[in-house]
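Following: one structure in structure tokens, then a few remarks.
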There are 2 protein chains.
Amino acid sequence: MSNSKLYKGSLTTIILKLLNESDKMYGYEITQKVKELTKGELKITEGALYPALHKLEAEGLLDVEVKKVDNRLRKYYKITESGTKETSNKLNELANYIATMQALVNPKFNLE
Amino acid sequence: MSNSKLYKGSLTTIILKLLNESDKMYGYEITQKVKELTKGELKITEGALYPALHKLEAEGLLDVEVKKVDNRLRKYYKITESGTKETSNKLNELANYIATMQALVNPKFNLE
DNA sequence: CAAATATACATAATATTCTTATGCATAATA
DNA sequence: TATTATGCATAAGAATATTATGTATATTTG
């Protein structure tokens with residue numbers, strides 16, 4: 001994803017957030033969207049993305065629909081109701097993580 | 001460390017930053033300091049901390065000095081010169097991570 | 001037109017980091 | 001006296017990602 005190890009554990013949050021905003025997306029589309037939004041700073045590798053999507057689907061957070069476009073296969077992922085709830089949790093966790101790290105790293109930020 | 005997976009990969013940054021600020025600290029002291037600064041949100045487990053300290057020492061980012069205090073052993077860690085450089089890198093990576101995640105998650109934050 | 005790149009999915013071997021469990025030992029507190 | 005706190009350590013396992021590889025079609029470039 002990046003040379004920085006900090007992104008480890010963030011992929012699920014990213015996928016859920018993007019799918020929560022759009023009607024549906026397919027894997028390759030997600031990699032391109034992330035590259036675009038982060039100005040190339042973050043590149044999702046396939047070896048990380050596809051297993052993550054499969055896991056989210058198995059957990060019932062995403063639904064999948066296969067379509068053939070231009071004679072090529074696409075697996076469209078769509079967020080489920082529990083996926084939307086989990087997105088909210090993940091975004092809270094992210095905000096919390098950022099606040100906590102700033103409290104640790106920047107003496108000016110105090111929790112509470 | 002926390003129920004949130006986002007902290008994965010952050011421990012090295014935390015250790016280096018704390019040691020960069022103080023003269024020297026020992027392992028147990030680090031766990032208590034983190035608990036205090038984060039109001040209990042983050043608890044460093046020994047199974048994560050000690051291997052991480054050993055690795056940083058092996059990489060030459062920390063120096064170690066063993067002392068006996070109150071008949072109990074303490075291993076004091078002190079940051080080295082290259083440890084100070086690496087702290088700076090890690091803090092830049094953290095700031096970058098936060099900016100990137102906000103760009104992904106919050107449409108109001110744009111990179112550049 | 002052939003070669004390279006882009007699109008599109010997938011998995012397996014390996015690396016890294018952390019959790020959980022366990023172990024040893026002393027000091028302080030309930 | 002039993003539990004908690006202090007203080008270190010490692011091993012088994014889980015989770016997540018990297019790197020490499022495989023398959024296949026479409027498009028672009030030299």
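The values are calculated or read from the model by the stated rules, or taken from the named source; none is laboratory data. As the structure is a computational prediction, the values presented were derived from the model and not from experiment. Here the Cβ positions follow ideal geometry from the backbone for every residue, glycine too, while neighbour counts run over all protein chains shown.
Residue count for segment B:6-27 satisfying the condition of being among the acidic types (D, E) and within 10 Å of chain A (Cβ to nearest Cβ): 1.
Taking the criterion of being surrounded by fewer than 15 Cβ atoms within 10 Å (Cβ to Cβ) and either more than 11 Å from DNA strand D (Cβ to nearest atom) or modelled with pLDDT under 95 (or both), the residues of segment B:37-51 that qualify are B:K39, B:G40, B:K43. Scanning segment B:62-89 for residues that are within 14 Å of chain A (Cβ to nearest Cβ) and in contact with a Lys or Arg (Cβ under 7 Å, 6 or more places away or on another chain) yields a single hit, B:T87.
Just one of the listed residues (A:M25, A:M1) is farther than 20 Å from B:E93 by Cα and in contact (Cβ under 8 Å) with a residue 40 or more places away in the chain, namely A:M25.
Among the residues of segment B:76-87, count how many are of a type outside the set (S, T, N, Q), buried (at least 16 other Cβ atoms within 10 Å of the Cβ) and in contact with a helix residue (DSSP H, G or I) (Cβ under 8 Å, 6 or more places away or on another chain). Here the count works out to 4. Of all residues in segment B:28-56, exactly one satisfies the criterion of being in contact (Cβ under 8 Å) with a residue 12 or more places away in the chain, over 14 Å from A:V105 (Cα atoms) and within 10 Å of chain A (Cβ to nearest Cβ), namely B:E41. Scanning segment A:59-112 for residues that are part of a helix (DSSP H, G or I), within 16 Å of the chain's Cα centre (by Cα), under 25 Å from A:G27 (Cα atoms) and without any contact (Cβ under 8 Å) to a residue 40 or more places away in the chain yields A:S82, A:K85, A:S88, A:N89, A:N92.
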